[in-house]
Amino acid sequence: MKKQSFLQGSLLLAGSALAAKLCGALFKLPLTAMLGGTGMGHFSTAYGLFLPLYAVLVTGLSTAVARPVAAYTAQGDTAAARRVRSTARWLFLLAGTVGSAAAVLLARPFALASTGGVAAYPAVLAIAPAVLLCCLAAVERGYWEGRCTMVPTAVSQLAEAVVKLVCGLWLAGRFLRTPPPFLAGCSPEAAGACGAVIGVTAGAGAGLVCVYLRSLLAAREPVSGTVPGRRETVRVLLAVMVPAALGALVADMMSLIDLMLAMRSFGTSLRENAAAFRASAHVPSSIADGDAAAFVYGSFIGLAVTVFDLVPSLTNTMARSVLPCAAQRWAAGDRDGTAACAGQALVLTGLLAFPAGCGLTALARPALAFLFAGRPDEVAAAAGSLRLLAPGMVCLCLVMPVFSLLQAVGRERVPVLLMLPGLAVKLAGDLVLLPRMHAEGAALATSLSYAAILVPALVVLRRTIGPLPGVGRLLAAMLWAGAMCGAAAYLVCGRVPLPPRGAFVLAVAAGAAVYAALLALAAGRPLLARFRPPRRPCASGKCGKCQLC
């Protein structure tokens, strides 16, 4: 099968991720409109248990398979690469089964501990099978990504998103109107959240079917090289997976900290001074005191965090594409090629992250009002949080490819060590800021934690693979152009005599035009040169245009 370059793979995965995110937005936006802040709180609680298990068993697994497969592929040893996949299938069939069983056993106590009730228990229980399905899909995706072939992953994640969209919304609406017998006694919001989660599980199954069918079609491809022993292969997989899984778990612990601390802090604030909490957290009078904490948390997660995750989900494709490409170059001893790959990944990430972060800082409320037009109360509650999350989003976008590069060059333990101080900043920030700023305190703590991770991560990367000439200057130009983009968008949105949604669209267009123009002036040639393919020497060596001449 034909391999793709880093840029080709990134664009392919970015296109697939964009389509998947569009499906995700078409899923989350109507779902939020249907379930409201309270129902979204139940839906988010299910994800609160699923994400740590996903981080341990899936995120690390994909990296664990992709890196050795990339190294073996660089050496032409396709037999060893297949042995990695076959061993990983059996190993993580067992791990996924254990993870799903753990989710079933922990569902009720987790719902009680996080929300103080069992309304979210059906939704938490419904997401348990997705752990096993995602495990098995990650093995196949990691194998193809390790071979620098991103088509199977792209098709699989798109199928997953489409099935989740269709099944999740249909089941949520049906269960909301008429809860089925096995949800008798549940509130309509809890039943609707459970239906949405069942759709998420169905999407995971669809993604597995697509990528597994691709692996079956490739079973007859020629194989060369030697086959390592099972024990050695397991050791290689675990050596990469354990640090990667721990790093992903620490990252998801930030969301878990919010889940465990926010609701309790909101409840304490309500008991101490309900009027002050409702005023500072923008809780409307139509929400009862008993539902106010779930409303604020659900608005924060369902609106602010949903928008916060949009751009990192796209830039994450750079991280996934750069890992196998950098691993192959590093295994071949090509340090300059690894550095070039790293520079491309960081520049491409910054190209999207800086204008998005600056734009959301300037247009947090108009952006939420545009996306969630039917939920003005939730928009008012989440706008301040999104404004404070935007700088952290930029840091998170840049952290992802840096961590993938460190994993590609054999520094798997470093991301875990770098995440721990960030986790400490998040925990301390929540403890200090949640009682004072409520959901906005959780947002500010998140941004501070990712900033505390990014700076040392860049230092370690430079020390590991060497300097990245011109990258710092390009990122600085993008930051300046992004700041001007946000300023232009803010000025346009507040001054044009148009309806709010029309003013927002015009402001985004104006900001994008300013960003493109200023970036072209400040760094147009260096930016194009970084992605322009090198000219091949001509036959005569006398043309005066190629590298040889």
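For the reader, a short list of remarks on this structure follows.
- For first residues located in segment 72-95 and touching a residue at least 12 places away in the same chain (Cβ under 8 Å), partners that are outside any loop (DSSP other than H, G, I, E, B) and surrounded by fewer than 19 Cβ atoms within 10 Å (Cβ to Cβ) and lie 6+ apart or on another chain with Cβ distances below 7 Å form the pairs 87/230; 87/234; 91/234.
- Selection within segment 466-491 - over 19 Å from residue 354 (Cα atoms) and buried (at least 21 other Cβ atoms within 10 Å of the Cβ): none
- Within segment 266-282, the set of residues being touching a residue at least 40 places away in the same chain (Cβ under 8 Å) and out of contact with any Gly (no Cβ under 9 Å at 6 or more places or on another chain) comprises 266, 268, 269, 277, 280, 281.
- Subset tally (residues that are modelled with pLDDT of 80 or more and touching a Ser or Thr at 6+ places or on another chain (Cβ under 8 Å)) for segment 112-135: 10
- Apart from one condition, residue 278 fits all of (1) of a type outside the set (Gly, Ala, Ser); (2) within 23 Å of the chain's Cα centre (by Cα); (3) at pLDDT 85 or above; the exception is (2).
- Of all residues in segment 146-170, those satisfying the criterion of being at pLDDT 85 or above and crowded, with 22+ Cβ neighbours inside 10 Å are 156, 160, 161, 163, 164, 165, 168.
- Residue 177 vs. criteria within 26 Å of the chain's Cα centre (by Cα) and farther than 21 Å from residue 54 by Cβ: no
- Residue list for segment 368-379, filter: surrounded by fewer than 21 Cβ atoms within 10 Å (Cβ to Cβ) and in contact with a Lys or Arg (Cβ under 8 Å, 6 or more places away or on another chain): 369, 370, 373
Per-residue answers, yes or no, for (1) modelled with pLDDT under 80; (2) over 27 Å from the mean Cα position of the chain (by Cα); (3) in a helix (DSSP H, G or I); (4) of a type in the set (Val, Ile, Thr):
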residue: 63; (1), (2), (3), (4): yes, no, yes, yes
residue: 69; (1), (2), (3), (4): no, no, yes, yes
residue: 76; (1), (2), (3), (4): yes, yes, no, no
residue: 85; (1), (2), (3), (4): no, no, yes, no
residue: 96; (1), (2), (3), (4): no, no, yes, no
residue: 110; (1), (2), (3), (4): yes, no, yes, no
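- Restricting 454, 444, 433 to residues that are out of contact with any Ser or Thr (no Cβ under 8 Å at 6 or more places or on another chain) and within 30 Å of residue 334 (Cα to Cα) narrows the list to 454.
- Residue within segment 142-162 that is among the basic types (Lys, Arg) and part of a helix (DSSP H, G or I) present: no
- Test: residue 321 is out of contact with any His (no Cβ under 7 Å at 6 or more places or on another chain), crowded, with 20+ Cβ neighbours inside 10 Å and modelled with pLDDT of 85 or more: no
- Matching entry among 313, 321 (being under 27 Å from residue 399 (Cα atoms), outside any loop (DSSP other than H, G, I, E, B), touching a Ser or Thr at 6+ places or on another chain (Cβ under 9 Å) and outside the structural domain of residue 504 (by TED's automatic domain parsing)): 321
- Taken together, the residues in segment 327-385 that are farther than 30 Å from residue 71 by Cα, assigned to a helix (DSSP H, G or I) and of a type in the set (D, E, K, R) amount to 3.
- Odd one out for residue 87, checked against (1) surrounded by fewer than 24 Cβ atoms within 10 Å (Cβ to Cβ); (2) β-branched (Val, Ile, Thr); (3) closer than 30 Å to residue 263 by Cα: (3)
- Within segment 391-406, tally of residues that are in contact with a Pro (Cβ under 7 Å, 6 or more places away or on another chain) and at pLDDT below 85: 0
- Some residue of segment 129-145 being more than 30 Å from residue 327 (Cα to Cα), crowded, with 20+ Cβ neighbours inside 10 Å and either of a type outside the set (Asp, Glu) or touching a residue at least 40 places away in the same chain (Cβ under 8 Å) (or both): no
The values are calculated or read from the model by the stated rules, or taken from the named source; none is laboratory data. None of the values given here were measured: they were computed from a predicted structure. Positions of Cβ are backbone-derived with ideal geometry, glycine not excepted, and every protein chain shown enters the neighbour counts.
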